[in-house]
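Below is one structure, written out as structure tokens; the observations come after it.
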Amino acid sequence: MKNNLKLGILILLVLGFGWALFSRVLPFSTEVLIVAGISILFMTIIHERYVFLYGISIILSYGAFLTIYAFFFTQRPDLELMYVYSHLLFTGFILSFWLLLNQIKQIGYEASELSRQVQLLQKYHGETDILTENEFSEQAQWVLKTTERRQEEAWFVEIMINSKNKRTEQNIKESLERATLSTIRPKFDLATSTRHSIYLLLKDIDEDGVRLMLEQYRDKVKQELNLLDSPYTVRKEQVSNLNELSRALGKAI
């Protein structure tokens, strides 16, 4: 509510100063409107750290121009007052637009941060309910600590997608994810994916068990995809702690 009130007040100020510049018959009114329009576009495009500097520079430049013009070319006091009025309106317009732009960008940054935090808190990808990378890392810590304490085996498996066609790669990836979720042991093994790979962490399993799981996985992929060549390659290695898993993920990336 507070941000909405600020935004509403700033919009009214920008519109008010803009209407005054447009409706009042002032010296250099046409030129001022052109500069104001260009300033709106320029202040929107440039980096935030330079917006205030630009605004102050254009305000001071216009003020210096009016001072010099009044000193050398104007002898009427009433015109000098019009110059002051014109400069005040221009200053109000530029400053209020800068504040409005800053408020809008602040809202955008807050929305981006909230979106990032929501993504970090999400446990599953929306398409196939496979774990997000952050949730995979969180759960992998607990799995490997348990495995290390019980002296069990754990295996890291990377399934690398071979497709070079970006249009078909996503469809293949989703099919491989579905095959993955129907092959691994629910609430026991972990799976996540990136753009080009699917990562598995298999708990309490030996090398023969990994081989059998991958054979089942291959059969399910054939059911999902009717392809002559395998759409993926596999890399696997045994891991016993977080350091080894991090190293395996580093190789994968």
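The values are calculated or read from the model by the stated rules, or taken from the named source; none is laboratory data. Note that the coordinates shown come from a computational prediction; the quantities given were computed from them, not determined experimentally. Because the Cβ atoms are built from the backbone with ideal geometry, glycine has one as well, and the counts that use them run over all protein chains shown. Note: areas computed on protein heavy atoms with side chains; ligands, DNA, RNA excluded. Shrake-Rupley method; radii C 1.70, N 1.55, O 1.52, S 1.80 Å.
Summary table
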| quantity | calculated |
| --- | --- |
| Residue within the range 221-232 that is touching a residue at least 12 places away in the same chain (Cβ under 8 Å) and touching a strand residue (DSSP E or B) at 6+ places or on another chain (Cβ under 7 Å) present | yes |
| Residues satisfying the stated conditions in the range 156-199, i.e. free of Cβ contacts under 8 Å to residues at least 12 places away in the same chain and either more than 22 Å from S240 (Cα to Cα) or not assigned by the TED database to the domain that holds S230 (or both) | K164, N165, K166, R167, T168, Q170, N171 |
| Any hit, the range 137-146, residues being within 23 Å of S240 (Cβ to Cβ), touching a strand residue (DSSP E or B) at 6+ places or on another chain (Cβ under 6 Å) and open to solvent by 40 Å² or more (accessible area, probe 1.4 Å) | yes |
| Condition check for T233: modelled with pLDDT of 80 or more, part of a strand (DSSP E or B) and open to solvent by 30 Å² or more (accessible area, probe 1.4 Å) | yes |
| Where a residue in the range 132-152 is in contact (Cβ under 8 Å) with a residue 60 or more places away in the chain and its partner, wherever it lies, is open to solvent by 50 Å² or more (accessible area, probe 1.4 Å) and among the hydroxyl-bearing types (S, T, Y), with Cβ under 7 Å and at least six apart | T132/Y124 |
| From R185, R178, residue being more than 32 Å from the chain's Cα centre (by Cα), open to solvent by 20 Å² or more (accessible area, probe 1.4 Å) and modelled with pLDDT of 85 or more | R185 |
